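The values are calculated or read from the model by the stated rules, or taken from the named source; none is laboratory data. Nothing here was measured: the structure is a model prediction, and the numbers come from that model. As a convention, Cβ positions derive from the backbone with ideal geometry for all residues, glycine included, and neighbour counts pool all protein chains shown.
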Amino acid sequence: MRGPLVAGDVGPVRAVPETIVRPPYAWREDVPARASRPVRRKPEEVEAIRRSCEAASEVLAVIAPNIAAGVTTAELDRVGHEAIVRLGGYPSPLGYRGFPTSICTAINEVICHGIPDSTELEDGDIISVDVTVYRDGHHGDLCQTFLVGDVAPSTRALVATTRRALLAALAAIRPGIQVMEIGAAIESEVAGRYAIVREFVGHEIGPEFHGALIIPHFRDPSARTRIEQGMVFTVEPMIAIGKGRVRVWEDGWTAVTADGSPCAQFEHTVLVTATGCEALTSHVATT
Ligand code: MF3
Ligand code: CO
Ligand code: CO
């Protein structure tokens, strides 16, 4: 097993063809303010978000077969970047509040917002790959944790539980529930065996990367907003073996568990339907 992860070298900023439309925040300091209240998306908007989600899912599927010991996270970023641009999309993280790369990669104790760099994957690692694509004026966002070779059974169990926790959350979503019930479903699935990271939340998504509605991944009694048909948001639980307290590296982005314990994450973008919800993103099948 590798020791604590350290930052590697981040490569130069990757170019995006001029013909690809950028989100308004790209490489600007003034990120537009979040909308003030959650919205129900119009059918045309839902279809645009759906296409961005399909593109992001396809990009994750292109990246996945490259995940192996000896491969750098920068290489996964290159593969992801090229796939996004090929699909006519802009990689939403690139230039978002200065974020320097096109995808996020999170090895072992990294919770989220890891910057792809010269670090090579090693046998026994887990890695979360988070892809967000901006196309036709809308974002689509998903994340999945992958196993690299022979992973410790305790860590495999964490990854399996995190996947089930996301699916339990989706099963709880329908019009009329309060947002806190989504986190409650995650808590029931985790059943006290692991820590749920509280600092990072799911978010409304559409023309904005992060919209007004936020989705805590634990039962937060203050999350009383009622879910309505037509809302589109992400659910993206981060679950750790240890205490789940967060520390951020000096790069200002990389969030790690303070105790160094492994953390897994699965994310879908979901549309609230008349009777439940539909995942607009799709994960890669793994064995
Ligand atoms: N995709 C991440 C999310 O799920 C956000 C990444 S923002 C970045 O919300 F700047 F770190 F890329
Ligand atoms: Co997200
Ligand atoms: Co994401």
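A compact table of results
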{"item": "Residues of the range 101-122 satisfying the condition of being under 24 Å from residue 154 (Cα atoms), away from ligand 2 (no atom under 16 Å from the Cβ) and polar (S, T, N, Q)", "result": "108, 119"}
{"item": "Pairs where the first residue, in the range 151-166, is of a type outside the set (A, V, I, L, M) and the second is in a helix (DSSP H, G or I), C-beta under 8 Å, 6+ apart", "result": "161/189; 161/190; 164/189"}
{"item": "Hits in the range 268-287 (condition: part of a strand (DSSP E or B) and in contact (Cβ under 8 Å) with a residue 24 or more places away in the chain)", "result": "268, 269, 270, 271, 272, 277, 279"}
{"item": "Matching residues, the range 42-84, being within 19 Å of the chain's Cα centre (by Cα) and of a type in the set (Val, Ile, Thr)", "result": "49, 59, 62, 63, 67, 73, 79, 84"}
{"item": "Any hit, the range 170-178, residues being over 15 Å from residue 236 (Cα atoms) and either among the basic types (Lys, Arg) or within 16 Å of ligand 2 (Cβ to nearest atom) (or both)", "result": "yes"}
{"item": "Residue that is nearest to residue 230 (Cα to Cα) [pool: residues in the range 246-287 that are polar (S, T, N, Q) and within 14 Å of the chain's Cα centre (by Cα)]", "result": "269"}
{"item": "Test set (1) buried (at least 22 other Cβ atoms within 10 Å of the Cβ); (2) in contact (Cβ under 8 Å) with a residue 60 or more places away in the chain - residue 230 fails condition number", "result": "(1)"}
{"item": "One residue from 37, 41, 50 being in contact with a helix residue (DSSP H, G or I) (Cβ under 8 Å, 6 or more places away or on another chain) and either closer than 17 Å to residue 206 by Cα or modelled with pLDDT under 95 (or both)", "result": "41"}
{"item": "Residue match in the range 244-263 (condition: over 29 Å from residue 24 (Cα atoms) and within 16 Å of ligand 3 (Cβ to nearest atom))", "result": "yes"}
{"item": "Selected residue [β-branched (Val, Ile, Thr), within 16 Å of ligand 3 (Cβ to nearest atom) and in contact (Cβ under 8 Å) with a residue 40 or more places away in the chain] from 173, 196, 115", "result": "115"}
{"item": "Boolean, residue 172 is modelled with pLDDT of 95 or more, under 24 Å from residue 146 (Cα atoms) and of a type in the set (A, V, I, L, M)", "result": "no"}
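Matching residues to (1) within 15 Å of ligand 2 (Cβ to nearest atom); (2) in contact with a Pro (Cβ under 9 Å, 6 or more places away or on another chain); (3) not in a strand (DSSP E or B):
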residue	(1), (2), (3)
82	no, no, yes
99	yes, yes, yes
128	yes, no, no
134	yes, yes, no
139	yes, yes, no
145	yes, no, no
157	no, no, yes
166	yes, yes, yes
